[in-house]
Structure formats: C-alpha cells, structure tokens
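Have a look at the structure below, then the notes.
The values are calculated or read from the model by the stated rules, or taken from the named source; none is laboratory data. Keep in mind it's a predicted model, so treat the numbers as computed, not measured. Don't worry about glycine lacking a Cβ; one is built from the backbone with ideal geometry, like all the others, and counts go over all protein chains shown.
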Amino acid sequence: MNRRELLKSIGLFGAGVGLSTISAQLLAAPATQNRLLFVFLRGGYDASNLLVPTSSQFYYDARPTISIAKPSADVNSALELNADWGLHPALRDTIYPMFKAGEASFIPFAGTDDLSRSHFETQDSIEMGQDMSGTRNYQSGFLNRLAAQLNSGMAMSFTDQLPIIMRGDTKVANTALRTISKSNMDDKQSKIIAQMYNKTGLEKQVNDGFEVRGEVVRDMQAEMQNNDGNRNAITTKGFELEAKRIAKMMRDKYALGFIDVGGWDTHVNQGGASGALAGKFEELGRGLAAYKNEMGAMWKNTTVVVISEFGRTFRENGKRGTDHGHGSVYWVLGGGIKGGRVLGEQVKLEAASLFQNRDYPVLNEYRAVLGGIFAGVYGLNSQQLDQVFAGVKARDLGLV
C-alpha cells in the first residue's frame, strides 16, 4: 500500500482539515514573510453607500431614501474621510479607526472591463484575471499564479470548494473552516503517517503539522460549541468568528489566503444608515477588526484586500434598492500600509460622469491596481507580475 492509498484508507482525503493542510505545514511561510488575505464580496456590494461621495449633490438627488447624510454630529451621518468622501457610519468602531491610524484606504472607480453585469460572468472574469479579448482558461486563477511566485510561502483558500481564483498548476489547499467538527485521525494513525516520512527526514515536520492541526481543530470545536446552537452555520453574522479562525491559520503558516463572503445583492429595501446593508457592513467590519486583533504582531506585516465583482447603480430603484452596476470601491487594510487616503484616479460624481448614465465608471483597472499591491507586499518584479497578469502594467498607488 502506498502513502496515498493509506491516507485514503484512514479518511484523510476530503477532511475539513485534511492532508492538504498537513502537507502545507511542511512548507509553511516563514514568519518574516508578508501576509495577504483576499476577501471577495460576492453579490456586487453597493460601494456608493460604503464610500459616500459627500461633496456630490447629485448623489443625494439620486438616492432620496437610501443616501447617507453628510458628516455631522449625528451618529447616523457619514464619517468624514476628506472633503469629498465619507464612510458608512456602521464602520465607526471598526474600519474608521483603522483609516484614522493610516491602516485603511479606499480605491473608488475600480473594477474590470467586463460589461455583462452578470454576477457569475463578472466573478469568473475577475478571478481568472486574463485578457477578455483572448482565449480564457477557467483552470487558471490569478491568485494561483501569484502563489507560484511565492517560492517560500504557502496559499490557502478558506472555502468549501477551490474557487477559480485559486485554480491552476500550483497546488493550493482549501479548507472549509465552517464545517470542521472533529479530527478523523487518532494518535495511532498520526504515528503511522509520521513513520512513513521517517526515512525522508521529514518526520519532525510531519509531527509538528499534526500538532498544529490538532490545536486548530480543538480551538474551533470550542468556538463552535459556544455558537448559540447555530449548528456551525456561518452567515454574515458569523464572519467575525470565521475571520478569527482564518487569522489563526494565516498568522503562523500561510503567506496568501482567500475567503469569500456572500449576500451583497441588494435590489430591494437596501436601507441607508440603518437597514439590511448597514447590518452587513457592521458585521463585515467586526470580522475584519477581529482578524486584525487575532493577527497580533503579524498585523504589521499583513495586507487585506476587499473587492466585489461590481458596484451597483448610482440611482436607487423603485424598490428602494440598487441594481447591478459597473465600477466599485476596493478596500486595502493593513498594519504596514500607507493608508488614511482615498486613492486612484477619480472624477466628480454628477450625471455626466456616470458610465452609461447609470454606474460608476472604471478608472482604476483592477489588475493594474492589484499588481501594484502584490509588488509592494511580496517584492515581485515586473517579470514576476507578468506571470500573474500577462501584459498588464502594474500601477503603484503608494500603498505598500
């Protein structure tokens, strides 16, 4: 029986934290290597109510029931970032302090050239990160290509299935932290596996991997048991718990991570300073703040990028919601970034500046923006960046 057959026989393959995680422990990212967590908000979140264009009267005319008031003493008004922009008040205690401390920035008018306004098509386009005019490979995601450039680091997708963005030639593990219940290996099985690696000189690393794995599972079991009987289900409200779990893995082991958060399609009763979207912002902010806290000293070497497939229509619809749009706002957080700014090419928001008279235009192409961030985080050169985003010149916004 070879190693793979033995591991299959004891149920390692397909486990919530299984062989892929144990193997990854053997090549864990050095503690000195910078970390990057990529957060994808699936559903196309309303960026205009996240980063509020407070200097645009057109914004208030276009959103009579869902706009966020200009900054004032009212706790429901926007939080002032600069003369043109404010932040949604739901992020007062989480992301706003990061911005004030130089640990958060926003990039409006960001996005892709994809004009389908389809969730799935645009998500696929972004995750592949390929030229839309050529033949596209759905088995090659740009974070996988980025992982290939990180010879000393490891990547992990914190998802049930490996998403397009992490698919490719480089082996990337995925683990659904939300579904972990108990370890399916006892001490005897762990020792058998460690003995298999004895002659390879990797016995200690394998044992260390099992030890870390056991600690993570035990921590998660305890957290789940205290999860108010929700049977381990992660909703938007559960993102804070999941962010802590992710940080435990990223802090010591992984240089690159991916997580997606759904539920951002707000066609009806979106709300303004309060309501459905405000609640999601508040929960997302708490999760990201929890991630920062759990990273501890590693936060200074950590960058978090938050994106969505597209923004939403600038004008509210007849159901007090917003429809599928185009340009969006990207978030960049981290303990070592040069934040506290709203960056990238911008335009005054008025009817004449909207794309197709309905959406944010895309002025900051996502591959160029992300390429600049990747170069800063990992020190990649132009040749390496071309392997991630072929034919795209990285744009350095001075963030990292």
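Can you pull out every residue in region 70-86 that is farther than 14 Å from SER56 by Cα and of a type in the set (S, T, N, Q)?
Once the filter is applied, which keeps residues that are farther than 14 Å from SER56 by Cα and of a type in the set (S, T, N, Q), region 70-86 yields SER72, ASN76, SER77.
Among the residues of region 138-154, count how many are among the aliphatic types (A, V, I, L, M) and at pLDDT 95 or above.
The qualifying residues number 4.
Okay, residues lined up against (1) under 23 Å from PHE106 (Cβ atoms); (2) among the acidic types (Asp, Glu); (3) assigned by TED's automatic domain parsing to the domain that holds LEU36:
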{"position": "PHE355", "(1), (2), (3)": "yes, no, yes"}
{"position": "ASP359", "(1), (2), (3)": "yes, yes, yes"}
{"position": "VAL362", "(1), (2), (3)": "yes, no, yes"}
{"position": "VAL369", "(1), (2), (3)": "yes, no, yes"}
{"position": "GLY372", "(1), (2), (3)": "yes, no, yes"}
{"position": "GLY379", "(1), (2), (3)": "no, no, yes"}
{"position": "SER382", "(1), (2), (3)": "no, no, yes"}
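When you go through ALA352, ALA390 one by one, which is the residue that is at negative phi, surrounded by fewer than 18 Cβ atoms within 10 Å (Cβ to Cβ) and in contact (Cβ under 8 Å) with a residue 24 or more places away in the chain?
ALA390
So TYR45 fits all but one of (1) hydroxyl-bearing (Ser, Thr, Tyr); (2) part of a loop (DSSP other than H, G, I, E, B); (3) at pLDDT below 95; what number is the exception?
Result: TYR45 fails condition (3) only.
Of GLY262, GLY275, GLY285, which residue is at pLDDT 95 or above, among the small types (Gly, Ala, Ser) and under 25 Å from MET156 (Cα atoms)?
Residue meeting the stated conditions: GLY285.
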